[in-house]
Amino acid sequence: MLESSQDLFYIVLSLAVLWFTVFLCWLLYQAARVLRNANNIIETLTEKLELITAAVHTIKEKMEKMSGVVGLMNTVVGGFANKLFNDKSFSEIVEEKVGKRKKTTKQKKKK
């Protein structure tokens, strides 16, 4: 079987090639597992981003609907406030209350 040292060399070389082939197969398997896990993570991330996008669009639509209502309320309240502040009796009442507060704070400071 082993007639020369060259025969021993070929046996050792064939075993080394066999182990190297096994190592490359194992490395390829591990790389495939890593890529599969990365693909699963990307799919999950894509689903979550789609949910977030849908939620943002829903909130945007609701805000657009509310902006019309808020604009109408702003007009109504602004008109009411305008009438209220232009009324001289109201402004006189406010001036009286402010004057009373100033007097009471001055009296408290003197004590």
For this session: Considering (1) at pLDDT 90 or above; (2) touching a Phe, Trp or Tyr at 6+ places or on another chain (Cβ under 6 Å), say which one Glu47 fails and leave the rest.
Result: (2)
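Please tell me if Asn74 is loosely packed, with under 10 Cβ neighbours inside 10 Å, at pLDDT below 95 and of a type in the set (S, T, N, Q). Outline the logic, then answer.
Numbers: loosely packed, with under 10 Cβ neighbours inside 10 Å: no; at pLDDT below 95: yes; of a type in the set (S, T, N, Q): yes.
No.
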For this session: Report, ordered by the first and then the second residue, all pairs with beta carbons closer than 8 Å, sequence separation of six or more or different chains, a first member in region 1-27 that is touching a residue at least 60 places away in the same chain (Cβ under 8 Å), and a second member that is surrounded by 10 or more Cβ atoms within 10 Å (Cβ to Cβ) and not hydrophobic (A, V, I, L, M, F, W, C).
Result: none
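The values are calculated or read from the model by the stated rules, or taken from the named source; none is laboratory data. Computed from a predicted structure; not experimentally measured. Neighbour counts are summed over all protein chains in view; Cβ atoms, including those assigned to glycine, are modelled from backbone coordinates with ideal geometry.
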